[in-house]
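Presented below is the structure to which this report refers.
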Amino acid sequence: MPENRNTGFVAFAWSLLVLNVAAVGWGVFLRAGRFGDGCGGNWPLCGESNPVRGQISRLIEGSHRAMTSLIGLLAIIMAVWAWRRFARGSATRRYAYA
């Protein structure tokens, strides 16, 4: 049976999708629990203090911000990986930037 050379990319893409769904769920929890303004207007940090040592709403919103920042970085990595791995005109390469 021939080995598929794209298994790493496929696993990474599925993992990123799962993380995105988790981030959406965490965002729903944020809004439903009224934690959405735990950090105020201070972005990307959570005010002057460490969100871990602050109020619970700061911890919840700060962790969501950290999670979405990580997901954004991973999405950039996936787009670069698709650009380098797949041929010009490839649907995978095109959709990685969509």
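The values are calculated or read from the model by the stated rules, or taken from the named source; none is laboratory data. The structure displayed is predicted, hence computed values, not measured ones. Cβ sites come from the backbone with ideal geometry, for glycine too, and all protein chains shown count toward neighbours.
Overview of results
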quantity	calculated
Residue count, segment 12-22 (criterion: small (G, A, S) and at pLDDT 95 or above)	2
Long-range neighbours under 7 Å by Cβ, at least six apart or interchain, first residue more than 15 Å from A23 (Cβ to Cβ) within segment 61-90, second outside any helix (DSSP H, G or I) and of a type in the set (S, T, Y)	A79/Y97
Answer from R58, R5, R34, R65 - the residue that is in contact with a Cys (Cβ under 8 Å, 6 or more places away or on another chain) and at pLDDT below 80	R58
Selected residue (only one of R94, R88 is loosely packed, with under 15 Cβ neighbours inside 10 Å and part of a helix (DSSP H, G or I))	R94
